[in-house]
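Have a look at the structure below before the remarks.
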Amino acid sequence: MDFEKEFTAQLDALRDEGNYRIFANLERRTGEFPLATNRQKGAARDVTIWCSNDYLGMGHNKDVIEAMQQTAASCGAGAGGTRNISGTAHHHLLLEQELADLHNKEAALLFTSGYVSNWASLSTLGARLPNAVILSDSLNHASIIEGIRHSKAQKKIWKHNDVEDLDRVLSECPDGSSKIVAFESVYSMDGDIAPIKEICDVADKHGAMTYLDEVHAVGMYGPHGGGVAEREGLMDRVTLIEGTLGKAFGVVGGYVTGSAAMCDFIRSFASGFIFTTALPPAVAAAATSSIQHLKQSEIERAKQRRQVAKLRAALDREGIPHIDNPSHIIPVMIKDPVKCREISDILMDDYGIYVQPINFPTVPKGTERLRFTPGPMHTDADIEHLVSALSALWSQCALSRAVA
């Protein structure tokens, strides 16, 4: 086989479909977020980032940066190995204690990313619990899907956020099976939120454990940033809460929290934990600082909510269609991959606005979108500039406007 020819042919097909991903060359500048330097063709210019998952700008918080710098200076750049082989640092243990406290759980376990924490934990639970059946929401993230696939456990899909369908699917599970209900709190593409209480009620009815992915909610919701489950007083109802350090907390890494026995079980059997070099201590220290800050500060969340509301109102004023949801994620619907890429490019080139197009396979074909995540550091002027640019492009590309 001519491998290079095959590689090129499939990449060309991706380009023709409008689904080829192009990464922007960005340099974030401390203290100036959401402004960043965009470098292309030998030139540099300012752009405003509108699609960052650093939802609250904590990656630029001075205390978080200082914690990372001081720990790197005192402990070095890396962890030195896996957690088993010389890689467990005191900062890892402090962070795990902080995470367990955040979710009111007995214990927590760190991973190198939220993707790995889902993949490793679900694959371990599904593989080692007797006669496991994992019941997965139909819109679950790829990391959850990969974890289930790798576990080789029986899988059942239930309709998105449909509690009645979950009840039906659970009732079909074999007697004596270990049932695991896996779902997310905030779904990152549509921005809708799961009915956690009702899901827990049905899971309890059938003796199932609940596995809740809160990666797009931790730091953002609840009086201490514990997520939607904390906001709704439901953390004690959920068996395992999984989260990330790479979004609202502004650093990198993933984790799970739950009972001490369950976390020890995953620690002892998950290959994705056992054979992976640990997070650098400096990263752990920075994450700890970020969590501690957001546990006691409501300022960032309050500012962020205000800017979300302002952007939604401005989009409505101009008839720019977006998904109405109760979260911080604003998907502006284009529904065409080529136009989605085109609008993203024009926003970047002509207006200094960076928002990455969301195309298949991240979302189904025909639902392509621009996904905006307003933060506390976006100004009112930023919002007006964005909406003015979108309105002009809506007319230029002959896209339909929403009817008030």
State yes or no: is G226 surrounded by fewer than 19 Cβ atoms within 10 Å (Cβ to Cβ), of a type in the set (G, A, S), more than 24 Å from G78 (Cα to Cα) and more than 13 Å from the chain's Cα centre (by Cα)? no
Would you please name the residue that is nearest to D336 (Cα to Cα), looking only at residues in segment 388-404 that are assigned to a helix (DSSP H, G or I) and of a type in the set (S, T, Y)? S395
For segment 105-140, enumerate the residues that are charged (D, E, K, R) and in contact with a Ser or Thr (Cβ under 6 Å, 6 or more places away or on another chain). K105, E106
Got a number for residues in segment 248-275 being more than 21 Å from the chain's Cα centre (by Cα) and not in a helix (DSSP H, G or I)? 3
From the options T88, T124, T112, residue that is at pLDDT 95 or above, among the β-branched types (V, I, T) and farther than 23 Å from I291 by Cβ: T124
Out of T210, T276, T257, which single residue is open to solvent by 20 Å² or more (accessible area, probe 1.4 Å) and of a type in the set (V, I, T)? T276
Residue among V256, V238 that alone is in contact with an Asp or Glu (Cβ under 6 Å, 6 or more places away or on another chain), under 28 Å from C200 (Cβ atoms) and among the aliphatic types (A, V, I, L, M): V256
In segment 312-322, is there at least one residue being part of a helix (DSSP H, G or I), in contact (Cβ under 8 Å) with a residue 12 or more places away in the chain and in contact with a Cys (Cβ under 7 Å, 6 or more places away or on another chain)? no
Determine whether segment 300-323 contains at least one residue that is touching a Ser or Thr at 6+ places or on another chain (Cβ under 7 Å) and open to solvent by 40 Å² or more (accessible area, probe 1.4 Å). yes
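The values are calculated or read from the model by the stated rules, or taken from the named source; none is laboratory data. These numbers come from a predicted model, not from an experiment. Here the Cβ is made from the backbone with ideal geometry for all residues, glycine too, and neighbour counts use every protein chain on show. The protein model used for the area step is the full one, side chains on, heavy atoms only, and it has no ligands, DNA or RNA in it. Shrake-Rupley method; radii C 1.70, N 1.55, O 1.52, S 1.80 Å.
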